[in-house]
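Engineer: Mind looking over this structure? Questions follow.
The values are calculated or read from the model by the stated rules, or taken from the named source; none is laboratory data. Since this is a predicted model, take the numbers as computed values, not measurements. Counting neighbours? That spans all protein chains shown, and the Cβs are built from the backbone with ideal geometry, glycine included.
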Amino acid sequence: MTTEKKAVDRRSFVKGALATAAVLPFSGVLAACAGGGSDTPSNTKGGGKVSSTNPFGMADKSSVDAVIFDGGYGTDYVSFAATLMQKNHAGSTVKVSPTTKIATELQPRFVGGTPPDLIDNSGADAIGFSTILDQIEDLKDVLDANNLEGQKIRDTLFGGVEEPGTYDGKLAALNYVLTVYAVWYSASLFEQNGWTPPKTWDEAMALGAKAKAKDKYLFLWGKEAATYYQTLAIGSAIKEGGDEVRLSLENLEADSWSKPAMQDVLKGMGEIVKAGYMKPGGAGTQFTAAQAQWSNNQDALLYPSGSWIENEMKDTTKADFKMTGFPEMTVTGSSSMPYAALHSASGEPFVIPTKGKNVAGGKELLRTMLSKEAATNFAKTKLAPTIVKGTVPADGFGSTALVSQNDLLSAAGSDVFTWKFVDLYGMNTDQLVIWNSFLAGKADVAALTKGLQEITDKVREDDSIKKIQVT
């Protein structure tokens, strides 16, 4: 979806999502299956009989191959759904394979015609959607099916969930998790020191000086997550300069990284690096190890990330940390969008390859993941909401980070935005290189701008890559 109306639909979706989720009571574990058989003829694609409990015609005693990104949410939530599915399809098996190298491992399988049946196309090594659009299923039929509780799946989801995974009118991916992008901090540490979250980059610099006085840094990073700072920079620049900044980036314009708002943000970030407020050594540190330096050691005050961060670091977070998020800083107090404006979207894009051995099985596993039982399990164990409504209580299962997500979205109202060009064109791997150099102080703002623009120009000028115009 690329029209302005659809952009508004996306904002409406994110605006209401967590606000609705936070006030609905935890409904507990529900019955896993509904209905019986049917006399509907066999589905030739799935090989099994189509019924109310088997809408895609998954064959009896078949196997499903799922490859899942092993990031902040792990893979056990898919295994949980797989167990539910196996109860409903006796004799069937599901292999859940975790990986952090989606493109590296799966592109050869796409080329060879042997892709898995279900993929979580996420992480730094995700496959660019523009390269596989004609090789993955349209998932509208999954939304049209009933869930395990007997309700039409489309009716159980927050509005607007199709937009992030829709390319040229095709629902190529279903993004499973609601993600809030924010700058995260320890509320207890801030309370102890009388600090407040910065609203501008100048205030961030001032906070950096206070951190240094306490022998701490303002920020830190790990090598695989250097582009978290790109996400922060883009969000900040969109808030400062308005939608023209987003559209310039989305449409791969020749001066997209040189827009005044973008340059002001990058310069603000560069001043922080130059002042020594960024902890050194991140380019040589594994990202979760770096994050532990923030969440457990409290070497740095702030960390930009999606809302998966709490679950990702749950085993290495200091007691009473009170993880809390705040919106991206703006450059000035008169930005195009208000300070409370927020980058948020559904994430963890699940795709089903058309040439998978068990397409029906892949869709059945995804259908099971969208059940109330599986979605509630995810929210409770991962401390993040899915796109399924009514799975999060008002207290956020005791999570300050989950409660703060609701607060951020409520404060943002309709001023919620996102972008897709990085994932669409698979840019992240190349962008990591220049961002690591910049954060390490080895590349200045001019070099960073040049490097990012070269990556953008390369994609724009490559005629083999299908471009999608965003308006």
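Engineer: Any idea how many residues of segment 75-99 are without any contact (Cβ under 8 Å) to a residue 60 or more places away in the chain and under 20 Å from A384 (Cβ atoms)? Give the steps one after another, and end with the answer.
Structural biologist: Keep residues of segment 75-99 that are without any contact (Cβ under 8 Å) to a residue 60 or more places away in the chain, which gives 75, 79, 83, 86-87, 90-91, 93, 95-99.
After this cut, where a residue has to be under 20 Å from A384 (Cβ atoms) as well, the list is 75, 79, 96, 98.
Total satisfying the criteria: 4.
Engineer: In this structure, does K239 turn out to be crowded, with 21+ Cβ neighbours inside 10 Å and in a helix (DSSP H, G or I)?
Structural biologist: Values: crowded, with 21+ Cβ neighbours inside 10 Å: yes; in a helix (DSSP H, G or I): yes.
Yes: the conditions hold for K239.
Engineer: Go through segment 38-149 and tell me which helices (runs of 4 or more DSSP H), entirely inside it, have 1 or more residues that are within 30 Å of A226 (Cα to Cα).
Structural biologist: Details: elements: 76-88, 102-112, 140-144.
Output list reads 76-88, 102-112.
Engineer: Can you name every residue in segment 122-156 that is free of Cβ contacts under 8 Å to residues at least 40 places away in the same chain and not aliphatic (A, V, I, L, M)?
Structural biologist: Matches in segment 122-156: D134, D138, K140, D144, Q151, K152, R154, D155.
Engineer: So, in segment 85-95, of the ones that are crowded, with 20+ Cβ neighbours inside 10 Å and not polar (S, T, N, Q), which residue ends up farthest from L365 (Cα to Cα)?
Structural biologist: Of all residues in segment 85-95, those crowded, with 20+ Cβ neighbours inside 10 Å come to 85, 89, 92, 94.
Next, from what is left, pick out any that are not polar (S, T, N, Q): 85, 89, 94.
Working: M85: 7, H89: 11, V94: 9 Å.
Per the stated criteria, the residue is H89.
Engineer: Scan segment 161-180 and give yes if some residue there is part of a helix (DSSP H, G or I), farther than 18 Å from L106 by Cβ and basic (K, R), otherwise no. It would help to see each step written out before you state the result.
Structural biologist: Keep residues of segment 161-180 that are part of a helix (DSSP H, G or I), which gives 163-165.
Now drop any that are not farther than 18 Å from L106 by Cβ, which leaves 163-164.
Then drop every residue that is not basic (K, R), which leaves none.
No: segment 161-180 contains no residue that is part of a helix (DSSP H, G or I), farther than 18 Å from L106 by Cβ and basic (K, R).
Engineer: Another question, if that's okay. Return the residues of segment 167-225 that are at pLDDT 95 or above, closer than 30 Å to Q135 by Cα and among the hydrophobic types (A, V, I, L, M, F, W, C); say none if nothing qualifies.
Structural biologist: Result: L171, A172, A173, L174, A225.
Engineer: Starting from segment 108-120, keep only residues that are over 8 Å from K355 (Cα atoms), then list their pairs with residues that are among the basic types (K, R) and assigned to a strand (DSSP E or B) whose Cβ atoms are within a distance under 6 Å, requiring at least 6 positions of separation or different chains.
Structural biologist: none
Engineer: Among T449, T471, which is the only one that is modelled with pLDDT of 95 or more and either within 22 Å of K267 (Cβ to Cβ) or not assigned by TED's automatic domain parsing to the domain that holds V78 (or both)?
Structural biologist: Numbers: T471 fails: modelled with pLDDT of 95 or more.
Criteria check complete, one pass: T449.
Engineer: Checking K199 against (1) crowded, with 20+ Cβ neighbours inside 10 Å; (2) within 22 Å of V416 (Cα to Cα): exactly one of these is not met. Which one?
Structural biologist: K199 satisfies every listed condition except (1).
Engineer: Which of the numbered conditions does G441 fail, given that it passes all the others? Conditions: (1) in a helix (DSSP H, G or I); (2) small (G, A, S); (3) surrounded by fewer than 24 Cβ atoms within 10 Å (Cβ to Cβ); (4) in contact (Cβ under 8 Å) with a residue 60 or more places away in the chain.
Structural biologist: (1)
Engineer: Listed residues F110, F80, F129; which is touching a helix residue (DSSP H, G or I) at 6+ places or on another chain (Cβ under 8 Å), modelled with pLDDT under 95 and either within 19 Å of V50 (Cα to Cα) or not hydroxyl-bearing (S, T, Y) (or both)? If you could, list the steps in order and put the result at the bottom.
Structural biologist: Details: F110 fails: modelled with pLDDT under 95; F80 fails: modelled with pLDDT under 95.
When all the criteria are applied, what remains is F129.
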